[in-house]
Every structure is written in C-alpha cells, then in structure tokens.
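Participant: Quick one: the structure is below, questions incoming.
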Amino acid sequence: MAVRFLSEDWLDAATQTLAADADYRAATSTTDLKLQFVVADAPGGDVEYGVTMSNGATSFVAGTLEGADATVRNNLETAVAISKGDLNTQAAFISGKLKVEGNLAKIMMNQSALTALAAALKDMDIEY
C-alpha cells in the first residue's frame, strides 16, 4: 500500500523499511548523524522532519529534531525528485536547489551512509 510522501505514514514506513534492511544496518553501523529536513511549498505549508542515524538504527520523526548536526532545506519539487532518484543530492546542492546549514563536514564524512539510506528507501511504495 502506497504511503503519501512526507506524511506521518511515510515517516513510519521509512523507519520500518530501514530497520528491516540488514545491508543498510550494516552499512550504517558506525554512523552517528542527526539531520533536520525542511521541505517548502508542500501542500498545507512547509514540512519539517528529522532523521537520526545511530549505529545502524535510523528513525524518522515529524517536527523539529533537537540537537541536529545540520538542517537541509529544499522545496517539494526537489524533495520529490531526490526521493524518486531523478536527482542526486550532490547535484541538488551544487545547483542551489538544496541548502545545508550546520555541520557540513559531518555530512560529508557520512556521505556513504546517506547514499545507503537513499538506496534502501528507493523501492518504497510512495504516493507523490
């Protein structure tokens, strides 16, 4: 059953998908990263959610994530393109479609974990 992108159901499904993926958990077994995401122009206004990656366990939560290492900002069009795999996050950053505030070095140090995250979520059944 498809989950609506950026909804509470999507956050829960993403967390469950990652928990069930042994390859993903192994790829992120040493990761310690907290990211706040802000997606502008979503129906109903901006959407904020946080992602905590800690030693192979990853959780998505609605709202503000206290103690985030960085905040990632983009609009809905960019977020959808990244989610679908039509746009690489690095290309989005370089082109200015994605903005990062905070500890950019920590994001760069954990690039392989973020790549694993995208790969593990690419087959989710999402309604855009």
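Participant: Looking at this structure, is Ala2 closer than 23 Å to Val100 by Cβ, in contact with a strand residue (DSSP E or B) (Cβ under 6 Å, 6 or more places away or on another chain), of a type in the set (A, V, I, L, M, F, W, C) and surrounded by fewer than 18 Cβ atoms within 10 Å (Cβ to Cβ)?
Facilitator: It is false that Ala2 is closer than 23 Å to Val100 by Cβ, in contact with a strand residue (DSSP E or B) (Cβ under 6 Å, 6 or more places away or on another chain), of a type in the set (A, V, I, L, M, F, W, C) and surrounded by fewer than 18 Cβ atoms within 10 Å (Cβ to Cβ).
Participant: In the stretch 5-16, what residues are touching a residue at least 40 places away in the same chain (Cβ under 8 Å) and surrounded by fewer than 18 Cβ atoms within 10 Å (Cβ to Cβ)?
Facilitator: Within the stretch 5-16, Glu8, Asp12, Thr15 qualify.
Participant: Keeping to the stretch 29-56, report how many residues are in a strand (DSSP E or B), among the β-branched types (Val, Ile, Thr) and in contact with a helix residue (DSSP H, G or I) (Cβ under 7 Å, 6 or more places away or on another chain).
Facilitator: Summing the residues that are in a strand (DSSP E or B), among the β-branched types (Val, Ile, Thr) and in contact with a helix residue (DSSP H, G or I) (Cβ under 7 Å, 6 or more places away or on another chain) in the stretch 29-56 gives 1.
Participant: Give me the helices (runs of 4 or more DSSP H) completely within the stretch 57-128, filtered to those with at least 3 residues that are in contact (Cβ under 8 Å) with a residue 24 or more places away in the chain, ordered by residue number.
Facilitator: 76-84, 104-109, 111-121
Participant: Within the stretch 79-88, take every residue that is closer than 18 Å to Glu127 by Cβ and either among the polar types (S, T, N, Q) or more than 13 Å from the chain's Cα centre (by Cα) (or both) and give me the one that is surrounded by the most Cβ atoms within 10 Å (Cβ to Cβ).
Facilitator: Ser83
Read the figures in this text as sums done on the coordinates, not as results from a lab. What you see is a predicted model; the values in this text were computed from it and never measured. So basically every Cβ, Gly included, is an ideal-geometry build from the backbone, and we count neighbours across all protein chains shown.
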